[in-house]
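The values are calculated or read from the model by the stated rules, or taken from the named source; none is laboratory data. Nothing here was measured: the structure is a model prediction, and the numbers come from that model. For neighbour counting, all protein chains shown are included, and Cβ atoms are generated from backbone atoms with ideal geometry for every residue, glycine included.
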Amino acid sequence: MVTDQRTTASRRAREALPSPIRKLTPLAERAKAEGVHVHHLNIGQPDLPIPQSVIDSIRAFGGPLLPYAPSQGISEVIDAWRDYYAGIGLRFERNEVLVTAGGSESLQFAMMAVADPGDEIMVFEPTYANYFGFAKMASVEISPVVLRAEDGYHLPKVSEIETHVTPRTRALLFTTPGNPTGTVYSYRELEILSEVAARHDLFLIADETYREIVFEGARNMSAMKIDATADRTILVDTVSKRFSATGARVGCIASHHRGVMDGALRFAQARLSAPTVEQLAMVPVLRDPRPYTDRLAEVYRRRRDVVYGALSKFPGVRVRRPEGAFYVFAVFPIDDGERFASWLLSDFRSGSETVMVAPGDGFYSTPGLGKQEIRLACVLEETVLARAMEILEEALRAYPGSIYPGRKVQSE
Ligand SMILES: Cc1ncc(COP(=O)(O)O)c(C=O)c1O
């Protein structure tokens with residue numbers, strides 16, 4: 001007989017975290033059903049056309065078979081990623097690159113290849129929220145180092161980072177350029193992470209999903225360029241943001257560490273392969289990315305200027321100019337970001353428009369943090385972004401939980 005207890009979903013399943021970004025979607029759908037135009041600033045879905053070569057390759061795919069790809073990736077695609085890396089001054093052997101189903105799968109492989117259940121991976125928060133979900137799936141603990149808005153979400157002192165290293169720590173996982181912060185670590189910061197990793201014998205997992213989207217300073221920086229720890233660094237990469245191709249589900253994991261790459265290959269064999277047609281479609285743009293990525297960085301820089309320019313004039317909002325990626329993360333004069341985001345969708349209208357934003361607390365694992373922070377994704381055209389900023393300012397004035405100096409109070 002099957003008992004209730006045996007058919008209870010696993011603790012891992014029960015504790016799996018819903019995406020904080022997607023949980024407001026039903027409210028947005030309801031607003032849209034009422035005819036409201038919702039400006040989406042909540043999700044990192046690029047609005048820019050993919051490179052023409054991607055469309056051409058997909059159209060040219062003739063079949064008649066649509067086979068599995070090899071687990072490590074199609075050899076031509078592995079070589080295209082190696083060419084891409086060579087273009088930024090990084091050399092990898094053929095067995096040091098593995099094609100994945102997006103950066104998400106690279107992250108899962110990297111975490112599972114470095115940490116056993118119960119081990120810890122250090123992250124710097126606010127951080128990409130899905131790291132928490134991947135850690136839960138791998139039964140790995142996240143050990144958070146909290147970054148401060150007043151430091152522009154740059155790294156704290158080495159001594160502060162080191163207080164979080166425990167006997168169970170296996171890796172430092174970091175994102176530069178950052179999501180949700182847009183912060184780009186300096187070369188010195190990468191050296192600091194490298195020093196900590198070397199001193200405590202840890203892996204470095206560098207999520208460089210937004211590598212080319214840098215507005216000030218070096219555009220092709222990578223943690224892999226720090227020679228002292230190149231043998232313990234694992235790169236997480238993807239075509240999703242740099243080529244505006246989130247739906248392709250193509251990424252890669254690259255490392256000189258044999259044990260990690262052998263493990264990643266075995267994980268990859270269990271899931272058989274990454275998408276065949278989409279992998280092949282990325283070959284031309286991986287071989288020659290600059291015409292696309294240079295323009296992309298310029299488009300996002302102009303949008304950053306629109307959003308940052310507007311927010312920095314909002315009384316009570318604390319914002320700093322992000323150096324990269326396509327997000328602006330700011331401290332708002334509000335009681336609670338999630339309540340504000342829900343209210344924008346359910347109660348507030350500027351004419352027949354509103355905005356959807358991502359509440360900041362979802363980017364922290366430490367309870368209570370991020371309540372006043374909001375992430376805005378610059379994935380709309382400049383004129384639309386400018387309008388969305390007007391709506392947001394109007395909303396701040398009207399929001400009942402606002403401590404905005406210019407707020408209209410009902411009894412006025
Ligand atoms: C920092 C970061 N890493 C990884 C990913 C996941 O990328 P992919 O779409 O390639 O799975 C994202 C997506 O938003 C991201 O922001």
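Residue check, residue 380 against (1) more than 19 Å from the chain's Cα centre (by Cα); (2) at negative phi; (3) surrounded by fewer than 23 Cβ atoms within 10 Å (Cβ to Cβ), all met but one. Which one?
Failing condition for residue 380: (1).
Here is a list of conditions, (1) buried (at least 21 other Cβ atoms within 10 Å of the Cβ); (2) in contact with a Lys or Arg (Cβ under 8 Å, 6 or more places away or on another chain), and residue 375 meets all of them except one; can you say which number that is?
(2)
Can you find a residue in segment 181-191 that is in contact with a strand residue (DSSP E or B) (Cβ under 7 Å, 6 or more places away or on another chain), outside the structural domain of residue 321 (by TED's automatic domain parsing) and under 13 Å from residue 128 (Cβ atoms)?
yes
For segment 301-348, how many residues are at negative phi and either more than 23 Å from the chain's Cα centre (by Cα) or part of a helix (DSSP H, G or I) (or both)?
Qualifying residue count for the region: 31.
Are any residues in segment 190-206 part of a loop (DSSP other than H, G, I, E, B) and surrounded by fewer than 16 Cβ atoms within 10 Å (Cβ to Cβ), and if so, which ones?
First pass over segment 190-206, keeping only residues part of a loop (DSSP other than H, G, I, E, B): 201-202.
Result: 201, single match.
Scanning for something under 24 Å from residue 241 (Cβ atoms), in a helix (DSSP H, G or I) and within 21 Å of the chain's Cα centre (by Cα), does segment 140-150 turn up at least one residue?
Yes, because at least one residue in segment 140-150 is under 24 Å from residue 241 (Cβ atoms), in a helix (DSSP H, G or I) and within 21 Å of the chain's Cα centre (by Cα).
If I filter segment 105-123 for residues that are in contact with a Cys (Cβ under 7 Å, 6 or more places away or on another chain) and within 11 Å of the ligand (Cβ to nearest atom), do I get at least one hit?
To start, the set of residues in segment 105-123 that are in contact with a Cys (Cβ under 7 Å, 6 or more places away or on another chain) comprises 106.
In the following step, the residues that additionally are within 11 Å of the ligand (Cβ to nearest atom) were identified as 106.
Taking every residue of segment 105-123 in turn, at least one turns out to be in contact with a Cys (Cβ under 7 Å, 6 or more places away or on another chain) and within 11 Å of the ligand (Cβ to nearest atom).
Could you check how many residues of segment 160-189 are within 16 Å of the ligand (Cβ to nearest atom) and in a strand (DSSP E or B)? It would help to see each step written out before you state the result.
If we filter segment 160-189 for residues that are within 16 Å of the ligand (Cβ to nearest atom), which is where we start, we get 171-185.
The next check asks that each one be in a strand (DSSP E or B); those that pass are 171-175.
The total comes to 5.
Show me the helices (runs of 4 or more DSSP H) entirely contained within segment 207-288 in which 2 or more residues are within 14 Å of the ligand (Cβ to nearest atom). Don't jump to the end; show me each part of the working.
Values: elements: 258-270, 276-281, 283-287.
The qualifying helices (runs of 4 or more DSSP H) are 276-281.
Let's see how each residue does on (1) aliphatic (A, V, I, L, M); (2) farther than 30 Å from residue 286 by Cα:
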residue: 14; (1), (2): no, yes
residue: 31; (1), (2): yes, yes
residue: 59; (1), (2): no, no
residue: 73; (1), (2): no, no
residue: 79; (1), (2): no, no
